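Below is one structure; the comments refer to it alone.
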Amino acid sequence: MTDCVLYEVRESAIALITLNRPERRNAISLEVREKLREAFVAFERDPALRVAILTGAGDQAFCAGMDLKEAAERKLQVTPPIPILGDTLRVTKPVIAAVNGHTYAAGWLLAQMCDLCIAADSAKFGITEAKVGRGFPWAVPLLDMIPQRVALELLMTGRTITARRAYEIGFVNAVVPAAELVPAALAMAREIIANAPLTVAAAKEMVATQAEMGRSAALRWARQMFEDKVYNSEDAIEGPRAFKEKRKPVWKGR
């Protein structure tokens, strides 16, 4: 990885991916797009890694969105796609956003595409494209995450909201002091890692798939999916056995 995106392994099973352009408020350049994709591909391909954490360098910004200076210099209109988890890039394992500062426009997208989100109490969120004449087709899934009128307010006004407000509308899972942000994300990652990996993966797949289906179809699909991928696994036997024997389960992921 180049310096604009840092990739490191923590505690043998956690990938920490860091946007590393603090002098540009971690804005998304063409190079960041490429390196961010490489980072998530590396995470997905490594069987030892169970959870990824996406954060930003510095204490000012998680990501201020597209690098508008670069866009102006290159006269970019339709920009190359950002690697969007669940859309342009398939990642089957959990990803946690650790939002450490201003999170605007495409920065909101990065937080939105993660499965879970923890924010520093100093973080600010905004979908600001309307202020600079850009668009937000990626915001369609947001309508399944927050109320419609709140979404329209954010999209049409371009105003920013606090981390506490983002928590109140259900966009953020937890708000913590800035100094505790990465430790809190690591703690959540450990909770996930302690659980059966097949069940965790199935939970992510179920939530993503139901958005594409009606209620009845999603229920039928989920029953079959859990039978195929979870119930008929070695881990499904190991879990109750470990409970009976009063020990921690040894998950095999099969």
Filtered residues of the range 104-149 (kept if among the hydrophobic types (A, V, I, L, M, F, W, C) and out of contact with any helix residue (DSSP H, G or I) (no Cβ under 9 Å at 6 or more places or on another chain)): Cys114, Val140
Residue check, Val95 touching a helix residue (DSSP H, G or I) at 6+ places or on another chain (Cβ under 6 Å), in the same structural domain as Asp121 (by TED's automatic domain parsing) and at pLDDT 95 or above: no
Of all residues in the range 3-34 being among the hydroxyl-bearing types (Ser, Thr, Tyr) and touching a helix residue (DSSP H, G or I) at 6+ places or on another chain (Cβ under 6 Å), the one that is farthest from Asp46 (Cα to Cα): Ser29
Unmet criterion (only one of (1) under 26 Å from Asp87 (Cα atoms); (2) in contact with a helix residue (DSSP H, G or I) (Cβ under 7 Å, 6 or more places away or on another chain)) for Asp235: (1)
Residue list for the range 175-199, restricted to those being within 21 Å of Lys229 (Cβ to Cβ) and either within 15 Å of the chain's Cα centre (by Cα) or among the aromatic types (Phe, Trp, Tyr) (or both): Ile192
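The values are calculated or read from the model by the stated rules, or taken from the named source; none is laboratory data. Here the structure is a predicted model, which is why all the values come from computation and not from measurement. Methodologically, a virtual Cβ is constructed for each residue, glycine included, from the backbone with ideal geometry; neighbour enumeration extends over all protein chains shown.
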